[in-house]
Amino acid sequence: MRAAAILAAVVASLASLSTAFAHSEPAKVNPGDGAIVKEMPTVIDIIMTQDMARQAEANDIDVVDDSGREVTLISAVIDNNDRKHISVTLPHSGLRPGVYTIKWKTLSADDGDTAEGTLSFTWDPNVAQVQPGRVNLKETVPASGGNGPASAPSLGGESGNGTSWVLLAAVAIGMFVAGSGTTFLLVQKRP
């Protein structure tokens, strides 16, 4: 009984540990990373992997053109109904075709960690065929058969969300603790 209780506690702590060390990263972006679009988008939307903390200037999206000039005139906003969703409106005039870089930064409400990165898209009104780019940056897997996203290794040159080595170490420590506890219980003398 004790061994089962110890094992259950270790498994529960390992499950919470894996999410505690994850950083909030883009799961979906519109327009997609590397997209080539015929019309300039009016809004940049990013769905993150974690809820964002509401703290002044902690979460933002800046868009810069290929000359390095920032084109966003207002700060990004977090959706009141979905704190994983952040967006920024782009101006309706004064923009020219070219490559645009999306610079994002977040503060995770889950673990208080900051994260930042860049994405890009190209606006070319003469393009023959629109290319969506990588819209889903992180694959999502239902956590328990439901529709909720769970982090998975990211695509591209990154090494995932940074939790794989932590999770491996935590599992090893948990197995050691569970094995030690079980051994202790088995070798105890009973009256």
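At a glance:
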quantity	calculated
Tally of residues being over 16 Å from the mean Cα position of the chain (by Cα) and farther than 16 Å from Ile74 by Cα across the range 39-54	3
Criterion (over 20 Å from Arg134 (Cβ atoms) and in contact with a Ser or Thr (Cβ under 9 Å, 6 or more places away or on another chain)) met by exactly one of Asp66, Asp79	Asp79
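No value in this document is a laboratory result; all are computed from the given coordinates. For clarity, every value in this text was computed on a predicted model and none was experimentally measured. Using ideal geometry, Cβ is built from the backbone for each residue, glycine included, and neighbour counts are taken over all protein chains shown.
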